[in-house]
1. From Ala210, Ala200, Ala233, which residue is crowded, with 16+ Cβ neighbours inside 10 Å, outside any strand (DSSP E or B) and outside the structural domain of Asp18 (by TED's automatic domain parsing)?
2. Name every residue in the stretch 141-164 that is at positive phi and touching a residue at least 12 places away in the same chain (Cβ under 8 Å), in order of residue number.
3. All but one of (1) more than 22 Å from Ile55 (Cα to Cα); (2) buried (at least 16 other Cβ atoms within 10 Å of the Cβ); (3) not charged (D, E, K, R) hold for Phe223, so report the exception by its number.
4. Quick one: how many residues across the stretch 241-284 are touching a strand residue (DSSP E or B) at 6+ places or on another chain (Cβ under 7 Å) and either basic (Lys, Arg) or surrounded by 15 or more Cβ atoms within 10 Å (Cβ to Cβ) (or both)?
5. Given the conditions (1) modelled with pLDDT under 95; (2) over 24 Å from Asn4 (Cα atoms); (3) in contact with a strand residue (DSSP E or B) (Cβ under 8 Å, 6 or more places away or on another chain), which single one is not true for Tyr91?
6. Name, by its number, the condition in (1) surrounded by fewer than 18 Cβ atoms within 10 Å (Cβ to Cβ); (2) part of a helix (DSSP H, G or I) that does not hold for Val152.
7. Of all residues in the stretch 186-197, how many are assigned to a helix (DSSP H, G or I) and either surrounded by fewer than 19 Cβ atoms within 10 Å (Cβ to Cβ) or at pLDDT below 95 (or both)?
Amino acid sequence: MPGNNPAMLQNSDVFDCDAVIYDLEDAVSVTEKDAARTLVAQFLSAMKKQPPMEIVVRINGLDTEYWEKDLEAVVSDKIDSIMLPKAQVRYLKQLDEALSEIERKKGMKKHVAVLPIIELAASVMEIDDIVKAPRVNGVLLGAEDLSSDLEVARTKKGNEILYPRMKLAYACAAYKIDSIDTPFTDTNDNEGLADDCAFAANLGFTSKAAIHPNQVPVINSVFVPTAKNIEWALRVEEATRINAEKGLGVFSLDGKMVDKPVMERARKILVKARKYNLIQEDKQ
């Protein structure tokens with residue numbers, strides 16, 4: 001959501017998304033930076049109750065003159081994460097120190113997380129260290145700026161970003177944090193969006209960014225577990241319970257071996273399914 005658009009800010013809690021990003025960077029022109037910062041800060045301050053989604057603010061890059069004012073204005077217990085554009089390890093360290101100081105000064109209860117954006121070739125080369133940086137609980141791939149940095153054309157097929165996609169998905173999986181795929185910029189092509197989501201999900205991404213509210217239902221339809229997967233996971237869960245009572249850590253289900261990795265996959269499916277209320281739990 002552009003930080004300088006009051007109407008969009010007011011309606012930002014009505015969409016079925018996991019997080020909403022209030023943007024102070026690319027969506028805001030240089031002449032509107034101060035106004036957007038003030039508007040977002042006032043909007044957050046006036047928020048009477050925490051919305052159901054995570055609150056993220058994308059600040060301006062640490063190579064600009066705006067980021068310190070951004071942090072001073074918006075960091076409070078009302079937000080969950082700061083999104084850092086053009087992330088690099090040196091900037092993440094600097095941001096962690098700045099956030100710690102603000103949290104101390106404001107007497108905050110919350111420890112604000114950081115969502116770095118990978119949108120430079122230099123950032124891609126540092127992904128292994130970025131995922132380990134303090135406060136980082138997820139990483140977003142920014143393919144538009146990355147393609148520009150590489151001086152290559154950005155295509156719907158996305159061959160030009162296959163390497164960073166795979167590298168990011170693997171690194172995030174290794175450190176058990178969210179991997180957020182790059183937005184699909186054609187807001188009129190839901191079929192293309194669905195295909196792009198499915199491709200990203202098969203690479204290991206856990207989620208995808210949206211640039212328009214109309215994209216949220218399509219993204220959710222791909223990244224939430226299917227009814228078939230949920231049914232399978234529930235059967236694995238029940239079979240695991242029964243066999244555990246027999247002292248069996250490995251067993252067969254439908255002629256296929258079920259061991260710890262399979263049980264863990266089923267558990268993750270059910271965690272996500274329950275998060276999105278896709279399972280009707282028996283209440284006895």
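1. After ruling out the rest, the residue left standing is Ala233.
2. Gly158
3. (1)
4. Residues in the stretch 241-284 being touching a strand residue (DSSP E or B) at 6+ places or on another chain (Cβ under 7 Å) and either basic (Lys, Arg) or surrounded by 15 or more Cβ atoms within 10 Å (Cβ to Cβ) (or both): 3 in total.
5. (1)
6. The one condition Val152 does not meet is (2).
7. The total comes to 5.
Table: residues versus (1) without any contact (Cβ under 8 Å) to a residue 24 or more places away in the chain; (2) in the same structural domain as Ser207 (by TED's automatic domain parsing); (3) within 26 Å of Gln50 (Cα to Cα); (4) assigned to a loop (DSSP other than H, G, I, E, B).
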position: Ile82; (1), (2), (3), (4): no, yes, yes, no
position: Lys86; (1), (2), (3), (4): no, yes, no, yes
position: Arg90; (1), (2), (3), (4): yes, yes, no, no
position: Lys93; (1), (2), (3), (4): no, yes, no, no
position: Ala98; (1), (2), (3), (4): no, yes, yes, no
position: Val114; (1), (2), (3), (4): no, yes, yes, no
position: Ser123; (1), (2), (3), (4): no, yes, no, no
position: Pro134; (1), (2), (3), (4): no, yes, yes, yes
position: Val139; (1), (2), (3), (4): no, yes, yes, no
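The values are calculated or read from the model by the stated rules, or taken from the named source; none is laboratory data. None of these values were measured; they are calculated from a predicted model. Don't worry about glycine lacking a Cβ; one is built from the backbone with ideal geometry, like all the others, and counts go over all protein chains shown.
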